[in-house]
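Novice: Shown below is the structure under consideration.
The values are calculated or read from the model by the stated rules, or taken from the named source; none is laboratory data. All values reported here derive from a predicted model rather than from experimental measurement. Every residue, glycine as well, gets a Cβ built from its backbone with ideal geometry; the counts of neighbours run over all protein chains shown. These area figures cover heavy atoms from the full protein model, side chains too; ligands, DNA and RNA do not enter into them. Shrake-Rupley method; radii C 1.70, N 1.55, O 1.52, S 1.80 Å.
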Amino acid sequence: MRWLSIVKRNPFVLPMAVAAGMAMFFISEGSYWQSQDTISDLRSLATLRQDLVTLERALADAESGQRSFLLTGRGEFLQPYQDSRRVSLEALAALDRHFTGSAPPAPQMTELRAMSLATLDELDETVRLMRDGQRLAAMNLVLSGVGTRAMDRVRVLTGQLMGEQSTDRQSANRALDRTLLLSRYGVALLSVVLGIALVLYLRKSDDLATVQETLKKEMQADNDELEAEVLQRTTQLTNLTRHLLTAREDERHRLARNLHDDLGSLLTAAKLDAARIRSRLGADAPEAQARLSDLVAKLNASIALGRSIIEDLRPSTLDHLGLAATLELLAADFSQRAGIPVHTRFEPVQLQPAVELVAFRVVQEALTNLSKYAQARQVWITVLPVADRPEWVTVGVRDDGVGFDVDTPSRSAFGLLGMRFRVEAEGGSLRVQSHPGQGTQIDVTLPTGLQSG
């Protein structure tokens, strides 16, 4: 109600306010419609300028596509040429619409249209000659310079038209400036207010950006520290895995050697003693002869069992005959025990002893898992050098069994995990491909461990 009391005390306030409001309304509306007319003129000039630029650029692109087609003879360059030709014609049509009603029509536009069409005709003719197999005629037409002169004239004319339109645009801009002068002070006041608000906003934004940058640096430092720790732990686990595998194999080797040297010697000596006693008893003690024969048979079985245990712990053929022969024996033994054929393909490869042992253990573990779960009818084992990387070798084991889903944990997951750790500890990689009902393929890539010469 305060404003009502002010009006009552000052009777001229309301008429002045109404007059000011009406004046502001008419000034605002007049400025708006005048600005709209001026802006419409500016838009028309901008469209004209854009059409001129589009025409010149499209003609240049069409000429470029034509040159590419003439030089290469490849048909894919015709599509850019056709697209640029279509854009050129559309730009000419737009320019014609702009100059419609001009009295008289702009002479530059008339000549520009003629030069543009002449350029397109020259380009079309060269393309036609090239399509008809008249490459020399097409090249002669290009070298005659007709198209170049027409294109140069097009550039001159577009420049002249854009220069004339620049003058009109400047006049329209000045008119717009005069129109906008009415709202200048209000805008200036609003700008001051907005400037203050912007300063406050920027200050707050700067503080927020500083806090965010600090947090980002802290998070990056934490991430770097975490990645370094993960890398360190991974390296430690890899080294620990390699150490445990090496220690395990060394212990197996030592145990196999002790069994071979000590237990083997004892059993062989016992067998020889039993043979001597048997020879001295003669035929007068048939019961003793029978017991000695049974003892010798048991000693032979014990010796064979010892040899089997020794070979399982550390195959002696791996040290004496190499990987291929050892895998052949392993495949033959598995085929005999499982009753399924095993196909082998071993190409000559030279590996460090540690790598040979890893390859053997991988095949041995794969056959163990295969015999438990695969229900396979055939097995394929390969050892091949990598064709383009002589310092690497691939070991593959494939079967035609029931397969499994590699994304779902299975009963053989720990065996595969052990193989993967063993292979990665030697710097190699393991890949398993399998689908239910489609068998399983295990591919191992290992470094030979030898320096390539």
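Novice: Which of the peptides 114-126, 432-444 is most tightly packed, and how do the rest follow, going by the mean number of other Cβ atoms within 10 Å of each residue?
Specialist: Answer by packing, highest mean first, reads 114-126, 432-444.
Novice: How charged is the neighbourhood of GLN378? Take every other residue with its Cβ under 10 Å from the Cβ of GLN378, and add Lys/Arg as +1 and Asp/Glu as -1.
Specialist: With Lys, Arg at +1 and Asp, Glu at -1, the net is 0.
Novice: Could you calculate the contour length gain from ASP124 to ALA338, that is, 0.36 nm times the residue separation minus the distance between their Cα atoms, to one decimal place in nm?
Specialist: The span from ASP124 to ALA338 would gain 69.3 nm if fully extended.
Novice: Cβ under 12 Å from LEU231's Cβ, LEU231 left aside: what net charge do those residues give with Lys, Arg +1 and Asp, Glu -1?
Specialist: That works out to -3.
Novice: To the nearest 10 square angstrom, what accessible area does HIS320 show with a 1.4 Å probe?
Specialist: The value for HIS320 is about 150 Å².
Novice: If you add up the charges near MET219, with Lys and Arg at +1 and Asp and Glu at -1, over every other residue whose beta carbon is less than 11 angstrom from its beta carbon, what do you get?
Specialist: -3
Novice: Which residue, chosen from LEU450, VAL362, PRO348, occupies the Cα position most advanced towards the positive end of the dipole of segment 317-453, where the dipole is computed from +1 (Lys, Arg) and -1 (Asp, Glu) charges on Cβ about the Cα centre?
Specialist: Result: VAL362.
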